[in-house]
Every structure is written in structure tokens, then in C-alpha cells.
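Every read-out reported here was derived from the displayed coordinates using simple, explicitly stated rules and does not represent laboratory data. All of these numbers come straight from a predicted model, not from anything done at the bench. FYI the Cβ positions are ideal-geometry reconstructions off the backbone, even for glycines, and counts take in every protein chain you see.
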Amino acid sequence: MTGKEYQNPFRLTIVQAFCRYLPPILAQSLRAILYSQEAAYRDNYAFSVRAQTGSMFTGSTADFHGYRFGAHGYYNWRNLAIALASCNKGAAIIEIGGNVGTETVGFADIVGAQGQVIVFEPLPTNVRLLENLCAINRFAHVRVIPAAVSNQNGTIHFICPPDSHASGIGFITNDENILLPRKQISVETMRLNDVPLGEKKISAIFVDAEGSESAIFQGAAQVIRKHRPVIVCEASPKLLKRGGSSIEELQNIIAGYDYEIYEIGRFGLTVRKSPAKGDWACLPLETKEKAHDISAMLLRCGLMPCLSGLNPLTNAKSRK
């Protein structure tokens, strides 16, 4: 029996009852025990659920990201914690690689209707999901741009995800000779420097671009120097190599803008001279004292039960 023929809501309902109110550190581990990824894919259940930050999210357990969001109301709670610590109401966030919107909905709640979220996403199926997310929540302050971000303007090859479960692992490439048994499409690519971003201060840039991070930051020099945002990105040697870069080049580009690079750990930020692979939070040298605030927020969001008044994630919409 295929996933398309079988939609079972029972297991998701059970895991929500156990996991939704637990601290994220515990909830994610329990989810994996109670409701395996394989079972979620088989169930292929389309759901609507309220995000911990307040707004609605629609997805499917057949998607890697949707399955996790459906279980506890977030996907990457650490990104939301960093946004809470670094973005006031009315601020602007740039999200490069919006995927199906699991972080977009939280960012929109965090900056509020007076703020702005600018989301870049090149995969047409994901763009439609993002636009639907904006429609059901009436997000007038979220702008979805159907394009990739790089160090050039034009068109580029995009390698689509291999199957319906992996909505977030498509990538752009200049290599016309790349041999993959996967669908390829042409997508628009933009330099962040050349995109009209409005008048609001950009407080944070979140990047999940499957190896294009170096090119993205090369094409964003003016934006970074003007706004001095907190930058969050993935640093994967394997993916960076596929994109024609390296972890050393990525480090040098970011440090060249006078930024300190921190590794995002289980309970906070750690600074090292040679950052390792993983997720990075990068702060301007002139405001690197914010690392303490971000670490404190990561602790609170990770360890507190997801109950109103206790976990900052649940108060995102109501905070001032």
C-alpha cells in the first residue's frame, strides 16, 4: 500500500498529546520514539496545526520537515530562539531557503505585522506552500520571492529533491555536466545586494541553501555592511564542496565582514578560532555581546515546557 492511498491521523494525534507541551529538548527525542519517521511517511497525513509561536501551519507527515512540525509545533526551535533574542517587533528577517515554511511562520510571528519577513525559495512546489501559508494566516508582512540567492543575477540549474519526503534538499549548480538521476529545472537567481528590501532594519539573515552559502554572502556585501544583521547558516564541508567552496572560504568571507563566528550547540553558542561543521550564528564584532543573550534564550526555549508564560516560543506573538 502506498503512502498516497493511506492517510492515518491516529499516531500524529497521540504523539501531539505527549510532545506538544514538553521542553523541545525532550519533545524531539520522545517524538522519535513514539512516532518513527518511517511510520510518518507511511501515514502520509495532511494536517493543520498551530505553531508554538501562534499562527497556523499546514503540512504532511510524509514530509521530513512537516512530520516534525506536526508533532510539536516547530521544526528548528533554535533558529526561532535566535530570532527571539535578536529581532524586535517591527524588525525585518531575511530567510534564504524557505522550504515549506516551518521557520517562516515562526519568524512572521516574532516580528509581528509591523515587521517584515522576506523569503527566498526556488522550488515551485515549495513556493506554492509558502504562498498558501501566507494566505491562511493573512500574512501581509511576509514576502515570498520565487528565486535562489547567489553571487550573480540570471538563471541557474536547480537540482530538485529526489522524492516527496525531502522537500529541502534541492540545490543550485553551475555544473552543466553534473550527473544525477534527478529532475533539473532552471530558476532565477539574485544577488541580495540587488533586491529591493524596503526601509526596515534587517536584524537577522537565516540561510539554508544546501552548499551555496559562500556565494550568497559574496553577493550580499552591501546588505551585511549596512544592516549588520545576525547571520545564521549551515556549514557543511560536503555541501560546500559541491557548491564549489569550502568551510574555510565560508569562514573567511563572513569574518571579512568583521563578524565573530559561533557554533550553535545544544544549550548555547561557542566561539572557536576554527569553527567546525554544523550550524553557525555569526555576530558583528561591535555587537558580539549579544551572544550571551542568544545563549540565554536558547537555554530558556530548549529547557522550559511549551506553556504560555514559561517558554518564550509560546509568547512570540504577544511580546512587545
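Highest mean first, what order results for 101-107, 199-205 on Cβ atoms within 10 Å?
In descending order of packing, they fall as 101-107, 199-205.
Can you sort 224, 145, 33 by how many other beta carbons sit within 10 Å, fewest first?
Numbers: 224 23, 145 19, 33 10.
Ordered by Cβ neighbours within 10 Å, fewest first: 33, 145, 224.
In whole Å, what is the distance between the alpha-carbon centres of the stretch 82-96 and the stretch 25-80?
Answer, in whole Å: 23.
For 119, 144, which order do you get if you count the other beta carbons within 10 Å of each Cβ and list the fewest first?
144, 119
Taking only the C-alpha atoms, wrap a convex hull around the stretch 71-172 and report its volume per residue in Å³ as a whole number.
Measuring per residue, one finds 112 Å³ for the Cα hull of the stretch 71-172.
Going by a ≥ b ≥ c, the root eigenvalues of the Cα gyration tensor, does the stretch 3-71 fall in the rounded group (a/c under 1.5), the prolate group (a/b larger than b/c) or the oblate group?
In terms of gyration-tensor shape, oblate.
Which entries in 89/201; 226/273; 290/317; 238/277; 201/273; 226/288 show an alpha-carbon gap greater than 19 Å?
226/273; 290/317; 201/273
What order do you get for 56, 297 when you list them from fewest to most C-beta neighbours inside 10 Å?
56, 297
Looking at (i) 24.8; (ii) 23.1; (iii) 19.9, which value of Kirkwood radius over Cα pairs in Å comes from a calculation on the structure shown?
(iii)
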